[in-house]
Amino acid sequence: MAKVWPAQLRDTVQARFPDGRILEGTVGTPLEEFVAGAYPDPLIPAMAAVVDGKLQELSEPLREDAEVRPVFLTDSEGIRIYTRSLSFLLAAAVRELFPGVRLIIDHSVPFGGYYCRLAGRPPFTPSELRRVETHMRALVERNLPIGKELLPLAEVGEVLRGQGQGTKGEMLQACWNAQPVPIYTLGPLRDHFFGPMVPSTGYLRYFALTPYHQGFILRFPRREKPTELGPTEDYHPLLQVFDEYGRWLELLGVYDAWTVREAVRTGRMTEVILVSEALHSQKIAQIAEMIVGRTPLPRLVLIAGPSSAGKSTFTKRLAIQLLALGLRPYPVSLDDYYLSREVMAQRGLTDFDDLAAIDVPLFKEHMAALFSGQTVRLPRFDFPTGRREDGLELKLSEDALLLVEGLHCLNPAILPEGFDPKETFKIYVSALTQLNLDDYVRLSTTDTRLLRRLVRDVSFRGYPAEVTLQVWGNVRRGEKRFIFPYQGQADVMFNSALVYEWSVLRPRVEPLLLGVRQAKVQLEAERLLAEVRWLPPYPGEEIPATSILREFIGGGILTGYFPNPLERAMGRRR
């Protein structure tokens, strides 16, 4: 075997890939060439590479020997880079064809894409939208480089002001703690895009533009099927929730990271918090009135949603509103029917978000018994110990209304046999964040829930941040299999997102992420840290004790709340 000299004595560098292959090239050769050499005809394209544990763009030169792991479109970071770069391509095409038009990339859509709109003018006509898509495809076919400059912070403000992004330049001045700042260029657009990009437009082959509502959808693949576009679907109920939240943001005058920063700087944050909470209360009261107005009156209210949506606090706040309307609600958590960790291990189950982790037969047995007038000893699951224990004893009165919350509550498989679905009222809860970093870059709904869960798991479930980050992939897969397919069955959706929460979560989650040392999740921790630091920290002492956010940060008064203090024919403590 030929001797390999140390890199400092050679004019070449070597890239070692995960399968053991070593490729050699001239010092300064872009990573793109090494990856292309190792994977010459990839079915799934690479978007970036992890070099000695650090995420690098493929345009970066390799200057010393390194371990190189490609990041493919099927990886979570790969799809993020793809969608960020595709958004840049769209923004550049709109800027070139329609100078002066302000494009807003508003929110994600369930089938893979972003809902986009134009500020201050009517939406694109079908022919205008076709022009934009045709121009995007032409840019892709030309495989134009996405230019990257590293500029001193002092120059970035001038560049962004010239692009009509003056407040973004000020935000970078306030938040960017490293030199220099990357500025990307494609056609007439020069901008900072808050994360890595692909090296050229030829990587962005999978997309379509589809008219929808008062805007259009930028469609792209999901990482499970990275070279296919999913079929467009009517997601009108979800769009209504986003439209409502958008009106709330306009009312508050807070709609992106800069305006949050200004609310903190000018002392408006207390107002933002109190009005946000009042809007939540108003919506919960409306849902309670919908339930009361249903004929016949439901016997069972089912409340579902993904992890860290705030279902538990929402359920208890709904119970209070129903009590105020003269009903007799009783909340039950499906989480209390988890199998013990010991039993899950025996059955080879590792995913708490799998329906198989719930003792569905016992739950159905208890529901049938309660609705037939029997007394039932409910279970209580203790997360720190991973064991199920005896909880409250419950007997429902004839006019009682049972509120059941949990991940799987919209899945018909949990209903007891013979139960009439018409006697149910179904609610879907999720934190549908619509707060953006700027016009083009979104704060992810999924990341909102992950930040909530990181804080809650450490404080109340005894899980360190590394564990939460390790299981999050399983959580997301479980949501796509067991939760999201049923959201369309809901009678109403409730958006638990709070415009101020990233600022309140930041001082709580930063030390947790800084403490992550495990290599498998360190890149994810660093990504979340970089993202949350665009929002100013805020203590949030004035957050009401009934806020949904208190479920995650503590200080709430609804933990363990029993909604009928007189316990009249409803339930008794053991």
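The values are calculated or read from the model by the stated rules, or taken from the named source; none is laboratory data. It should be emphasised that the depicted structure is a prediction, and the values quoted were computed from it without experimental measurement. FYI the Cβ positions are ideal-geometry reconstructions off the backbone, even for glycines, and counts take in every protein chain you see.
In the range 330-359, how many residues are of a type in the set (Val, Ile, Thr) and closer than 20 Å to ARG477 by Cα? Lay out the reasoning, then the answer.
In the first step, residues of the range 330-359 are kept if they are of a type in the set (Val, Ile, Thr); the result is 332, 343, 350, 358.
In the following step, the residues that additionally are closer than 20 Å to ARG477 by Cα were identified as 350, 358.
Within the range 330-359, residues that are of a type in the set (Val, Ile, Thr) and closer than 20 Å to ARG477 by Cα number 2.
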How about the range 407-450: which of its residues are modelled with pLDDT of 90 or more and charged (D, E, K, R)? LYS426, ASP438, ASP439, ASP447, ARG449
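Can you find a residue that is surrounded by fewer than 16 Cβ atoms within 10 Å (Cβ to Cβ) and in the same structural domain as PHE460 (by TED's automatic domain parsing) anywhere in the range 296-303?
Yes: one or more hits.
When you look at SER59, is it surrounded by fewer than 21 Cβ atoms within 10 Å (Cβ to Cβ), hydroxyl-bearing (Ser, Thr, Tyr) and within 24 Å of ASP11 (Cβ to Cβ), yes or no? Before the answer, list the steps.
Working: surrounded by fewer than 21 Cβ atoms within 10 Å (Cβ to Cβ): yes; hydroxyl-bearing (Ser, Thr, Tyr): yes; within 24 Å of ASP11 (Cβ to Cβ): yes.
Yes: the conditions hold for SER59.
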Of ARG223, ARG219, which residue is surrounded by 20 or more Cβ atoms within 10 Å (Cβ to Cβ), among the charged types (D, E, K, R) and within 18 Å of SER444 (Cα to Cα)? ARG219
Which residue, of PHE425, PHE419, is in the same structural domain as ALA497 (by TED's automatic domain parsing), part of a loop (DSSP other than H, G, I, E, B) and touching a residue at least 12 places away in the same chain (Cβ under 8 Å)? PHE419
Got a number for residues in the range 185-204 being closer than 19 Å to ALA138 by Cβ and of a type in the set (Phe, Trp, Tyr)? 1
Taking SER397, is it polar (S, T, N, Q), assigned by TED's automatic domain parsing to the domain that holds GLY373 and more than 30 Å from ALA263 (Cα to Cα)? yes
Closer than 30 Å to PHE484 by Cβ, in contact (Cβ under 8 Å) with a residue 12 or more places away in the chain and charged (D, E, K, R) - does that describe any residue in the range 85-104? no
Taking the condition of being of a type in the set (D, E, K, R) and assigned to a strand (DSSP E or B), how many residues in the range 187-226 meet it? 5
Hey, any hits in the range 129-137 for a residue that's without any contact (Cβ under 8 Å) to a residue 40 or more places away in the chain and either within 28 Å of SER503 (Cα to Cα) or among the acidic types (Asp, Glu) (or both)? no
Filter the range 233-276 for residues that are surrounded by 15 or more Cβ atoms within 10 Å (Cβ to Cβ), basic (Lys, Arg) and either assigned to a helix (DSSP H, G or I) or in contact with a Phe, Trp or Tyr (Cβ under 6 Å, 6 or more places away or on another chain) (or both) and give the result. ARG261
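If you go through the range 337-371 one residue at a time, how many are under 30 Å from GLY293 (Cβ atoms) and buried (at least 18 other Cβ atoms within 10 Å of the Cβ)? Break it down stepwise before answering.
In the first step, residues of the range 337-371 are kept if they are under 30 Å from GLY293 (Cβ atoms); the result is 363-364, 366-371.
Now restrict to residues that are buried (at least 18 other Cβ atoms within 10 Å of the Cβ): 363, 366-367, 370.
Residues that pass the stated criteria total 4.
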I'd like the full set of residues that are part of a helix (DSSP H, G or I) and surrounded by fewer than 22 Cβ atoms within 10 Å (Cβ to Cβ), limited to the range 431-452. THR445, THR446, ASP447, LEU450
Could you list all residues from the range 55-74 that are closer than 29 Å to LEU229 by Cα and touching a strand residue (DSSP E or B) at 6+ places or on another chain (Cβ under 8 Å)? LEU55, GLN56, GLU57, LEU58, SER59, ARG69, PRO70, VAL71, PHE72, LEU73
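Examine the range 310-323 for a residue that is without any contact (Cβ under 8 Å) to a residue 24 or more places away in the chain and farther than 21 Å from LEU378 by Cα, and state whether such a residue exists. Even if it seems obvious, please write down each step before you answer.
From the range 310-323, those without any contact (Cβ under 8 Å) to a residue 24 or more places away in the chain are none; that's our starting set.
Taking every residue of the range 310-323 in turn, none turns out to be without any contact (Cβ under 8 Å) to a residue 24 or more places away in the chain and farther than 21 Å from LEU378 by Cα.
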Which one of SER372, SER430 is among the hydroxyl-bearing types (Ser, Thr, Tyr), assigned by TED's automatic domain parsing to the domain that holds PRO329 and in contact (Cβ under 8 Å) with a residue 24 or more places away in the chain? SER430
Since GLU24 meets every condition but one in (1) free of Cβ contacts under 8 Å to residues at least 40 places away in the same chain; (2) crowded, with 21+ Cβ neighbours inside 10 Å; (3) more than 19 Å from LEU204 (Cα to Cα), which condition does it not meet? (2)
Among (1) in a loop (DSSP other than H, G, I, E, B); (2) without any contact (Cβ under 8 Å) to a residue 40 or more places away in the chain; (3) not small (Gly, Ala, Ser), the one test that VAL292 misses: (1)
Could you grab me the full set of residues in the range 85-127 that are over 15 Å from the mean Cα position of the chain (by Cα) and either under 21 Å from ARG476 (Cβ atoms) or hydroxyl-bearing (Ser, Thr, Tyr) (or both)? SER85, LEU86, SER87, TYR115, THR125, SER127
Report yes if some residue within the range 43-54 is among the charged types (D, E, K, R) and surrounded by 14 or more Cβ atoms within 10 Å (Cβ to Cβ); otherwise report no. no
If I ask for residues that are closer than 26 Å to ILE427 by Cα and outside any helix (DSSP H, G or I), which ones from the range 460-518 would you list? ILE483, ALA490, ASP491, VAL492, MET493, PHE494, ASN495, SER496, ALA497, LEU498, VAL499, TYR500
